[in-house]
1. Inside the range 5-35, can you point out the residues that are under 20 Å from the mean Cα position of the chain (by Cα) and assigned to a loop (DSSP other than H, G, I, E, B)?
2. Select from the range 239-258 the residues that are under 18 Å from the mean Cα position of the chain (by Cα) and under 23 Å from D311 (Cα atoms) and write down the one among them that is surrounded by the fewest Cβ atoms within 10 Å (Cβ to Cβ).
3. When the residues of the range 142-153 are narrowed to those that are among the hydrophobic types (A, V, I, L, M, F, W, C) and assigned to a strand (DSSP E or B), which ends up surrounded by the fewest Cβ atoms within 10 Å (Cβ to Cβ)?
4. Going through D209, D200, D160 one at a time, which residue ends up being acidic (D, E) and not assigned by TED's automatic domain parsing to the domain that holds T263?
5. Is there a residue being touching a strand residue (DSSP E or B) at 6+ places or on another chain (Cβ under 8 Å) and either in a helix (DSSP H, G or I) or farther than 30 Å from P273 by Cα (or both) anywhere in the range 66-76?
6. Pull up the range 259-304, narrow it to residues that are closer than 30 Å to E120 by Cα and among the hydroxyl-bearing types (S, T, Y), then point me to the one that is surrounded by the fewest Cβ atoms within 10 Å (Cβ to Cβ).
7. Suppose we filter the range 285-308 for residues that are within 21 Å of V234 (Cβ to Cβ) and within 19 Å of the chain's Cα centre (by Cα); how many remain?
8. Within the range 325-341, identify whether any single residue is under 18 Å from the mean Cα position of the chain (by Cα) and surrounded by 15 or more Cβ atoms within 10 Å (Cβ to Cβ), and answer yes or no.
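The values are calculated or read from the model by the stated rules, or taken from the named source; none is laboratory data. Here the structure is a predicted model, which is why all the values come from computation and not from measurement. Every residue, glycine among them, receives a Cβ derived from its backbone with ideal geometry; neighbour counts consider all protein chains shown.
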Amino acid sequence: MRKVAIWRSALISASETFIRNQADSLGRWEPVYVGATKTASTLARDTDITLFRAQRDHDFLRLRLLGSSPVLRRALTDLRPDLVHAHFGGDGWLVSGEAARAGIPLLVTLHGHDVTRQPESTGAKGVRYRRNLRTVFARAAGLIAVSEVIRQRAIGWGADPAKVRVHHTGVPIPAAVPTGPKRWDVAFVGRFVEKKGADDLLAALATLDAPKAVFIGDGPRLEEMREYARSLRVDATFLGAQPAAEVYRLLGESRVVAAPSRTAADGDSEGLPTTVVEAMALGLPVVSTRHSGIPEAVADGTTGLLGAEGDREALAANLRKLLGDQDLQTAYGTAARARAEAEFDVVKQSRRLEDVYDSVAGQRS
């Protein structure tokens, strides 16, 4: 069996289930998780290979500044993977130099902020990031974009169009749709950062007839959103970050999932939020926005309802329409589940990813 090193510099945050689910679903390729530093989270595993003790480790600083590291070089030599698959453009650059020196093909998945917010940074930081991004574009044997919008942004920053292909990561498809009682009218899952639009959702909920909402996730704006919900007198329960199994349980107890994503003031943008597809897989209708790759998953008027980014009135109207019509919820939810099964099943998508691995790494055994 051929071996792929799954590279994530900070291995691995609780919000990055999409990385675990994808690699764990490989069949013909053996994944080995490799990172620079260990992140304490529900996704951490004893089998993860991390190379440095901390962010300020001297050799890690050298890697970040120069793109070279004897420690990383030895790790790749010892592991002898047939391919390195890095997630996010910046992490791709970190591993690209040593992968090239070891003669190991590199594939990089671009997820969103790595080709939206980060390249638009000002000053020396922006200059350096754009230079590194062009370098990894040149070194990588292949580039994956999680949506067509992200593909176009990568090309705009200098990626060879022939190298960049769209591949949807996929999510686990539960054997059955939850059929138990609904505890929540609206569910939100995501980090509390500007691009997720939690404040837009709270403002929209405040105009509805007392819906019960659950907010799952953490992030720098969590306390701000708690206070905003109190000020609006919205019936909102904030549960913080939860393990994947608990997130699925809570979604199953919800009528509608809201994902009011928008482009942040600093340019930060989604790729294609995993939460949207997870909700669809559970047979839930999605109320969201025409943002980045979301319309590639949510078919407006078929599997959910879409509005313009930041349009709180449209968001409220779409929520009101779905919450007031059980038959519509059922119809959209059924169509959402069918679409998730056909286009976003992580097992099927990981098999397709292995075809990409084969083409990038060559057919040699």
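1. Within the range 5-35, R8, S9, I12, S13, A14, S15, E16, S25, L26 meet the criteria.
2. Only one residue tops the list, namely V257.
3. Narrowing the range 142-153 to residues among the hydrophobic types (A, V, I, L, M, F, W, C): 143-146, 149-150.
Then drop every residue that is not assigned to a strand (DSSP E or B), which leaves 143-145.
Numbers: L143: 27, I144: 25, A145: 27.
Step by step, filter the range 142-153, then rank; the result is I144.
4. Values: D209 fails: not assigned by TED's automatic domain parsing to the domain that holds T263; D200 fails: not assigned by TED's automatic domain parsing to the domain that holds T263.
Selected residue: D160, the only one of D209, D200, D160 that is acidic (D, E) and not assigned by TED's automatic domain parsing to the domain that holds T263.
5. Here is the first cut: in the range 66-76, the ones touching a strand residue (DSSP E or B) at 6+ places or on another chain (Cβ under 8 Å) are 75-76.
Subsequent filtering for residues that are either in a helix (DSSP H, G or I) or farther than 30 Å from P273 by Cα (or both) retains 75-76.
Yes: the range 66-76 contains one or more residues that are touching a strand residue (DSSP E or B) at 6+ places or on another chain (Cβ under 8 Å) and either in a helix (DSSP H, G or I) or farther than 30 Å from P273 by Cα (or both).
6. T263
7. Taking the range 285-308 as the starting set, the residues that turn out to be within 21 Å of V234 (Cβ to Cβ) are 285-289, 305, 307.
Restricting the remaining residues to those that are within 19 Å of the chain's Cα centre (by Cα) gives 286-289.
Counting residues in the range 285-308 that are within 21 Å of V234 (Cβ to Cβ) and within 19 Å of the chain's Cα centre (by Cα) gives 4.
8. So the first thing to find is which residues in the range 325-341 are under 18 Å from the mean Cα position of the chain (by Cα), and the list is 340.
In the following step, the residues that additionally are surrounded by 15 or more Cβ atoms within 10 Å (Cβ to Cβ) were identified as 340.
Yes, the range 325-341 contains a residue that is under 18 Å from the mean Cα position of the chain (by Cα) and surrounded by 15 or more Cβ atoms within 10 Å (Cβ to Cβ).
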